[in-house]
Amino acid sequence: MVRLADLPEWERAHMLEKIPALPDFGLSPWVSGGPLSTRRVALVTSAGLHRRGDRPFGLGDARDDYRVIPGDIDAADLVMSQLSVNFDRTGFHQDLNVVFPIDRLHELAADGTIGSVADFHYAFMGAGSPVTRMEAKGREVARMLKQDGVDAVLLTPV
Amino acid sequence: MPTVQISLVREHTAAIRPPRALWVPFMLGRPLGVPGDAAFQGRVVRAALGLFERVRGPVLDDYPEDAPAVISTDEMEGMACPISFAGNVEPASLPGQVLEEIDQLRSWYDIAVARRGRTTLGAAGATVEDLTRFIGAWVGGDTPRPYRDDLPSANALRLACEEIKSFYFEADAGQPGVRSPQRVLQWFWRETAAGKLLVELQAAAARSDDPAVRHFAADNLVPRAASHGEA
């Protein structure tokens with residue numbers, strides 16, 4: 001669906017206009033690890049998810065914060081406060097896993113494809129630029145992932 | 001930390017060059033492709049995690065399987081717009097019409113929640129009726145206090161709009177038949193009083209003295225598809 005050639009001209013132009021503003025990190029750091037069947041996997045999403053009672057994502061400084069999602073959370077306790085209005089939310093309404101595939105990870109752990117699922121996962125609110133504004137919080141999350149023994153992260157957009 | 005990402009806009013990922021990425025041909029908002037289809041989602045997750053087995057990068061692979069198209073069942077009949085003014089001496093105000101719609105849609109919403117075992121409402125922390133009155137006051141030219149002390153006006157408005165839309169979208173899912181995401185969007189923005197109220201809010205918020213409210217009106221209220229007449 002998100003093939004630029006399939007989008008209307010105004011949306012294609014919007015997507016292409018973003019490219020010059022994207023950061024050039026100058027490298028693609030390559031961190032290896034053991035076999036997938038031994039890895040401890042966490043999810044980090046930019047979908048703006050959080051527990052229902054947690055602070056909603058917002059404008060200004062609040063947009064750079066992250067929210068912690070416990071690995072054993074009930075799907076019924078997760079809500080979304082993403083700023084963008086330009087993506088489909090009906091899929092998320094129907095099934096959390098189409099955005100945040102936590103049940104799929106637990107299935108892969110059960111059948112031995114991955115070693116285990118992290119105790120904690122993390123959500124950012126990805127709308128807005130520059131994305132480099134999130135670096136400090138990203139490093140903070142990376143430290144906590146290491147504390148949790150995580151050695152594989154699946155990043156999911158929205 | 002080893003990472004792999006799912007990419008929805010290939011051109012953006014190619015520009016950033018992350019170490020491992022799997023581009024998927026799915027609509028924005030559905031990075032795992034198909035809600036309610038665990039097998040489909042599982043194939044996507046396996047393909048993404050499989051990139052951890054590569055020995056060098058950066059890697060940007062294309063996922064080969066499209067999500068099946070959702071065919072709406074209402075193309076001929078039109079969707080049920082629940083509002084009716086029969087018996088009214090005079091039509092309600094626009095916020096009043098929205099409250100009538102909400103009242104009418106409530107049973108469909110309850111059915112959807114019971115069927116799914118969850119609702120995505122609750123981020124704002126107020127009822128959809130109170131949120132409608134809050135937006136209605138703005139449309140009427142007032143600047144009411146937000147319904148929560150910890151929310152500035154722009155965020156209170158944004159969350160109110162999202163909450164109302166979620167209520168309508170979830171209520172639609174309780175009704176018989178199937179609507180594509182595009183059809184649901186068209187219904188909301190073209191055929192409901194709530195959609196009209198949010199369009200009027202955009203005009204009112206654009207006149208605000210608060211720059212955050214004006215920014216919200218410009219960028220985070222009406223989707224680009226609706227602004228371009230495609231929703």
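Every number here is computed from the coordinates shown, using simple stated rules; none is lab data. Source: prediction; values computed, not measured. Counting neighbours? That spans all protein chains shown, and the Cβs are built from the backbone with ideal geometry, glycine included.
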Residue list for the stretch B:101-121, filter: assigned to a loop (DSSP other than H, G, I, E, B) and without any contact (Cβ under 8 Å) to a residue 40 or more places away in the chain: B:Gly117, B:Arg118
Would you check if there is a residue in the stretch A:19-34 being surrounded by 12 or more Cβ atoms within 10 Å (Cβ to Cβ) and touching a strand residue (DSSP E or B) at 6+ places or on another chain (Cβ under 6 Å)? no
If you take the residues of the stretch B:1-44 that are among the aromatic types (Phe, Trp, Tyr) and more than 7 Å from every other protein chain (Cβ to nearest Cβ), which of them is nearest to B:Pro58 (Cα to Cα)? B:Trp23
Being facing chain B (nearest Cβ under 10 Å), under 29 Å from B:Ala231 (Cα atoms) and in contact (Cβ under 8 Å) with a residue 40 or more places away in the chain: is that true of A:Gly128 here? yes
Hey, any hits in the stretch B:151-169 for a residue that's under 21 Å from B:Val98 (Cβ atoms), more than 12 Å from every other protein chain (Cβ to nearest Cβ), assigned to a helix (DSSP H, G or I) and within 16 Å of the chain's Cα centre (by Cα)? yes
Taking B:Pro176, is it over 18 Å from A:Gly48 (Cβ atoms), more than 14 Å from chain A (Cβ to nearest Cβ), in contact with a helix residue (DSSP H, G or I) (Cβ under 7 Å, 6 or more places away or on another chain) and surrounded by fewer than 23 Cβ atoms within 10 Å (Cβ to Cβ)? no
